[in-house]
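I have placed the structure first, in the form of structure tokens, so that the comments after it can refer back to it.
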Amino acid sequence: MSSVRALLLFIFVAASITAASNQFVARYVAIGASGSADLLAVDASGNFFIIATVLEPSGSPEIRAIKTDPQGNEIASFDFGSGSGDTPSGAAVDPQGNLVIVGTTYSPNFPLVSPLTSTTSGGAFVVKLDAQLTKIMFSTLLGQGQANAVALDSAGNIYVTGSTTASDFPVTPGAFQTAGPTPTGFGTPIYAFATEISSNGTSIVYSTFLGSPDTTCIGGSGCLGTFGNTSATAIAVDSTGAVVVGGSTTANQLPVTPGTLGQQCSCDRTDSPPIFIQSGFLAKFAPGWKQLDWATYIPLAQAGFATDSGLSITSIAIDAQGNVVFGGAASSGLVVTSGALQTSYPAANTSADYDAGYVAKVNASASSYLFSTYIGEGIWESPGGALALDAQGDIWLTGGSAPSVLPVASSVPLLGSTFVAELSSDGSSVMDAITAPAGAAGQAIVVTPDGLPAALGSSGSLLLDLPSQPASLVGVVNSAGVQVSADVAPYELVSLFGVGIGPANALGGQVVNGALTTSLGGVQVLFNNVAAPLLYVGPNQINAIVPSGAAEQNTLSLQIVTPNGTLTGPTLSVVASEPEVFQNGPPMPPGGSAVALNQDGSLNSATNPAAGGSVVTVWATGAGLDNYSGQQDGIIAYGEYTPLLPVSVLNASYANVNGVSSLDVLYAGSAPGMVTGVIQVNFQLPSQNLLLDVSQFTCQLQIGAAVSSRFSVYVQ
């Protein structure tokens, strides 16, 4: 039992201290527990716009635009949408600070203001909001299809790209390709489109298809209904007005131009039934759409696994010399250049079930690579991540990866499954990097007018480079969880991750008069100026307990007294409960086996599973207030702590379809000898005949209305 107690009290061994040239500090925006932050843009004054999908109190999904000042403080928000699967996929800010958002809707009730087309039943949308986020200036549906990316020129004209199956998608006379996808008795191919809209939204300046129905298929009757499908997913406009569009395709007859580096799609396989490996593509149009300057495939050199999906392009930037930097996700077989940062498919990808991240640069004529490299795994967060260029041409990246396979210096602390990295303009070195917990980064990245990077995470986390801060704080996480959160509950054990936030020599918690102290090695964590009990302080991690007095507050301002000064952290929202169950292994999504005891008191494991119908014990935190008012924060519990809110263990096992929705909870309360804020939960597994042949039974812990991430116990 002592080993379990040690694991719960002193979780996660922190890495050694590393001086960071960029001081990234987390800020959180209000998107709710079920929300997801998708897009990030910045205006000329350094204000940020975060675009998220949220659930309204009614349960209806909406798109939310949030504006913050350069320090990440929210100053305005605006919700819009139809509640029917509206998906934002691109955002940009015009010279007047107005916000343009593009995406896809499937609703006949999407809000339209001065629309450009007669389409009303869903499709690719364009919405422009005023700079103060008080109204829709205009909104339109372009036609049936998906809008995937947007860019603006210096005059505020709007460039949208995406995909469509509509032959009547609005294209302009004399466009590069006016013939669209033609339906057949076996289906319809998918074409990319590129469209320019005037800055005031009153006209379509230019619009063209880009696609071909042809593909290589060797599979007999299995090829019926097989077409070349092309989707544009990234767009950029340079200072001259030239436009570069990129995406993925299985069409082998795209209009590639002579002399470019990818003349062949290489997107077919000879399996039966056929398996298609998608290729990337890039196309550059001259200013004013006068001509196609060049177009090229970006194929894999080879496909290494039967499950390989190919290559996608999710982000594009154009440097001052006209070279094109792009990134995304790729299977094995990426073309990598000599001296690449990561020359081979990342080692953590043992079965090619998911793609790796990559970044590459081609010269201004797309005749050769300047560099190409894998970078991490490209999993968990936005596939392939995102990139942006600073004034020096350095490349800022964000994405998701097992930190152990990132090509970063060994001195970079491995704090979680997202990262922000600065690559030199020639791609030869990583100049700066941080890793952070899940949800902290990986969705989008921008460079501010001051030349500083800012990265967005799916949880509504905004990592800002704030040089005035004494250290970096990249995430606040339930100590039993893996994803950052803006919410905390009274008595919740939380882990703060960063660089330089604590002493170089780590210290464990100290118990004085039956309670943990609120200061260790000169470090304190303050919630609304109330010092929290401390379990652990180290250079890259602090474990603390949210004071019970948080229950009387709506929000908590977080501060950390560090060895180098006081760091001002994010403002957190107080919730009734936020349960998570302690699990084995490092803090990596999507979670795994719980730290659990079998009924006989032995540790649950793959080699020592629990029997069907037996009682299993797990430990959790985030249960919220207890039934004993007035007890001291940080005390070692001996049976006093029982959550006020009801506790349930839910069946989340995909293998069990026998109608068992919840399990019998025999005890939920203090874990003897452990600090108040950790609860012990004893529950009974389903009987043997309901467990079927699964080796792990998956559950979720519900306390009040809040539900934990999935966890599992080994069963026999």
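The values are calculated or read from the model by the stated rules, or taken from the named source; none is laboratory data. Since the model is a prediction, treat every value here as computed from it, not as a measurement. Virtual Cβ from ideal backbone geometry, glycine too; neighbours counted across all protein chains shown.
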Residue within the range 573-581 that is touching a Pro at 6+ places or on another chain (Cβ under 8 Å) and either outside any strand (DSSP E or B) or buried (at least 17 other Cβ atoms within 10 Å of the Cβ) (or both) present: yes
Test: residue in the range 275-284 that is closer than 17 Å to T249 by Cβ, over 27 Å from the mean Cα position of the chain (by Cα) and at pLDDT 95 or above: yes
Pick from the range 626-652, criterion part of a loop (DSSP other than H, G, I, E, B) and modelled with pLDDT of 95 or more, ranking: nearest to T518 (Cα to Cα): L645
Pairs, first more than 12 Å from V42 (Cα to Cα) and part of a strand (DSSP E or B) in the range 75-103, second modelled with pLDDT of 95 or more and among the aromatic types (F, W, Y), C-beta under 7 Å, six or more apart: V102/F125; G103/F125
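Of all residues in the range 665-698 being in a strand (DSSP E or B) and crowded, with 24+ Cβ neighbours inside 10 Å, which is modelled with the lowest pLDDT?
F697
Filter the range 498-552 for residues that are of a type in the set (V, I, T) and more than 23 Å from A637 (Cα to Cα); which is surrounded by the fewest Cβ atoms within 10 Å (Cβ to Cβ)?
By that ranking, first place goes to V523.
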Residue match in the range 590-601 (condition: crowded, with 18+ Cβ neighbours inside 10 Å and free of Cβ contacts under 8 Å to residues at least 60 places away in the same chain): yes
Hits in the range 515-569 (condition: touching a residue at least 40 places away in the same chain (Cβ under 8 Å), over 25 Å from G673 (Cα atoms) and part of a loop (DSSP other than H, G, I, E, B)): G522, P539, N540, P563, N564
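Test P453 against the criterion of being modelled with pLDDT under 95, touching a strand residue (DSSP E or B) at 6+ places or on another chain (Cβ under 7 Å) and closer than 25 Å to A234 by Cβ, and give yes or no.
Numbers: modelled with pLDDT under 95: no; touching a strand residue (DSSP E or B) at 6+ places or on another chain (Cβ under 7 Å): yes; closer than 25 Å to A234 by Cβ: yes.
Answer is no for this residue.
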